[in-house]
Amino acid sequence: MQGKITNLLDQGKAPERAVFLDRDGVLIRTLVREGKPVSVSTLAEVEILDGVAQACDRLKQAGFLLVVVTNQPDVSRGLMARETVEATNQLLSERLPVDELRTCYHDDRDDCDCRKPRPGMLLAAAAKWHIDLAASFMVGDRWRDIEAGQRAGCRTVFIDNGYEEAQPPRPDYRARSLAEAANWILRGAIER
């Protein structure tokens with residue numbers, strides 16, 4: 001990846017900065033059952049969280065690419081139709097200024113490179129969009145998101161929704177919403 005960035009700089013093209021966003025619990029409300037987050041199962045359940053559209057607009061205006069990276073293992077498990085995930089992603093692409101949505105439909109047993117905590121979706125997006133990962137951020141609400149961001153070389157923001165599950169070790173920042181995360185990211189972007 002570093003060679004690709006160097007080649008871009010040699011061509012006079014600066015690498016892009018990105019904010020990678022998990023979908024459920026960051027952009028849309030996650031259903032919580034017995035303290036655990038559960039994906040929406042119908043389009044009618046999709047609710048964009050308060051402040052998300054404004055936070056995305058602010059990040060875009062500051063020059064960040066917005067790339068959604070989401071695990072949707074319920075498709076592989078036979079608990080959800082792929083069409084439901086794609087309809088939800090389409091709705092988000094129509095309502096939010098995201099540049100790309102990447103989805104991993106696999107479960108852990110599939111041992112793929114794209115399922116977070118592996119960084120495959122972030123690395124593929126970085127190659128496509130010429131993203132400088134060290135100047136980029138991963139925002140997520142689960143340990144898998146934060147670990148994927150760390151493995152990719154991004155700074156990380158953990159949105160703590162109070163789930164009863166393992167917390168991520170050492171995110172760069174903890175927030176209660178994407179709006180709060182965007183404020184922190186933008187403060188750092190200005191200070192750089």
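Every read-out reported here was derived from the displayed coordinates using simple, explicitly stated rules and does not represent laboratory data. What you see is a predicted model, and the numbers here were worked out from it, not measured in a lab. Every residue, glycine among them, receives a Cβ derived from its backbone with ideal geometry; neighbour counts consider all protein chains shown.
Details
- Peptide ranges 18-29, 112-123 listed from the most packed, as the mean C-beta count within 10 angstrom indicates: 18-29, 112-123
- Residue exposure sequence - TRP129, TRP143 - by fewest surrounding Cβ within 10 Å: TRP129, TRP143
- Low-density loop cleavage sites - GluC sites (Glu not before Pro) in segment 140-183, where at most 11 other Cβ are within 10 Å (DSSP): GLU164, GLU165
- Mean residue ellipticity (222 nm) of the chain, computed from DSSP H runs ≥ 4 via -39,500 (n - 2.57), nearest 500: -10500 deg cm²/dmol
- Scanning residues 5 or more positions from LEU65 or on other chains, those with amide H under 5 Å from its amide H are ARG17, ALA18, VAL19, with H placed 1.01 Å from N in the peptide plane.
- Long-range HN-HN contacts of LEU27 with modeled amide H, under 5 Å: none
- Tilt relative to the chain, helix 52-61 - C-alpha long axis, 0 to 90 degrees, to 10: 10 degrees
- Segments 37-44, 60-67, 156-163 sorted - mean Cβ within 10 Å per residue, highest first: 156-163, 60-67, 37-44
- DSSP-defined antiparallel bridges as percent of all bridges, the chain, nearest 5: 15 percent
- Annotated for the chain: lysine pairs at least 8 residues apart or interchain, Cα distance under 23 Å, count 7.
- Against the chain, whose longest principal axis is taken from its Cα atoms, helix 82-95 shows a tilt of about 50°.
- Sequence of LEU79, LEU49 once ranked by neighbouring C-beta atoms within 10 Å, starting from the fewest: LEU79, LEU49
- Helix axis angle, 178-191 relative to the chain longest principal axis, alpha carbon, degrees: 10 degrees
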